[in-house]
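Following: one structure in structure tokens, then a few remarks.
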Amino acid sequence: MGYTPEPDIFHDVFGHVPMHAHPVFADFLQHYGKVCAGLMDDPVALERMGRLFWFTVEFGLIRQDGQVKVYGSGLISSHRECSRVLAGDCEVKDFELDAVMNQEFQTSEMQPVLYAVKSFEQIYEAAKMAEGRLR
Ligand SMILES: [Fe+2]
């Protein structure tokens, strides 16, 4: 529960599956997959898209009514990481596509910086913007 081991059915079922019921989030995922499928011969572009996935689907934050909430599956399924972020022990930046696509990360460490969106429409728009920039 401290940090997700692989494979982790709790992470997948409790973290990922519920998010697929949100129509805009589901549209984002579908579009994200389509963009990545068109970049299979470009490892640099795929790395940048991987960062978009990491800082949204896996470790995304959203601001609602002035409050930071978690929606990323890596946060939802990790009690330690989630508590740490909500306690303010992680830098929270406003989501910005270029910053996210340039932000490196370590998969096996607590995240020092995360990005908060205003809405899921923002990440859907980001996937469309990324498509335009990387093709
Ligand atoms: Fe995941």
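A few remarks follow.
- Each 10 Å bin, from zero up to the one with the longest distance, holds this percent of the alpha carbon pairs of the chain: 12, 45, 37, 6, 0.
- Helix-only mean residue ellipticity at 222 nm for the chain, each DSSP H run of n ≥ 4 adding -39500 (n - 2.57), per residue, nearest 500: -13000 deg cm²/dmol
- Relative frequency of Cα-Cα separations exceeding 16 Å in region 27-93, percent: 53 percent
- Accessible area of the chain divided out per residue, in Å², using a probe of 1.4 angstrom: 54 Å²
- Annotation: extensible slack from T107 through I9 equals 33.5 nm (criterion: 0.36 nm per residue apart, minus Cα-Cα distance).
- Non-local Lys pairs in the chain, i.e. 8 or more apart or on different chains, that have alpha carbons under 17 Å apart: 5
- Antiparallel DSSP beta bridges within region 8-135, percent to nearest 5: 40 percent
- Simple label model, 7 Å out from Cα along Cβ direction - K128 to Q30, nm: 1.4 nm
- Helical segments meeting 20 Å axial Cα length and Kyte-Doolittle 0.0 threshold in the chain (DSSP H): 23-37
- Of the solvent-accessible surface of the chain, computed with a 1.4 Å probe over protein heavy atoms with every protein chain present, carbon and sulfur atoms account for 55 percent.
- The label-point distance for S83 and V44, in a model that sets each label 7 Å from Cα toward Cβ, rounds to 4.3 nm.
- Within region 28-135, the GluC sites (Glu not before Pro) that combine a DSSP coil assignment with at most 15 other C-beta atoms in a 10 angstrom radius are E96, E104, E109.
The values are calculated or read from the model by the stated rules, or taken from the named source; none is laboratory data. The shown structure was predicted, so the numbers you read here are calculated from the model rather than taken from an experiment. Note that each Cβ is placed from the backbone with ideal geometry, even for glycine, and that neighbours are counted across all protein chains shown. Protein only, heavy atoms only, side chains kept; ligands, DNA and RNA dropped before computing areas. Shrake-Rupley method; radii C 1.70, N 1.55, O 1.52, S 1.80 Å.
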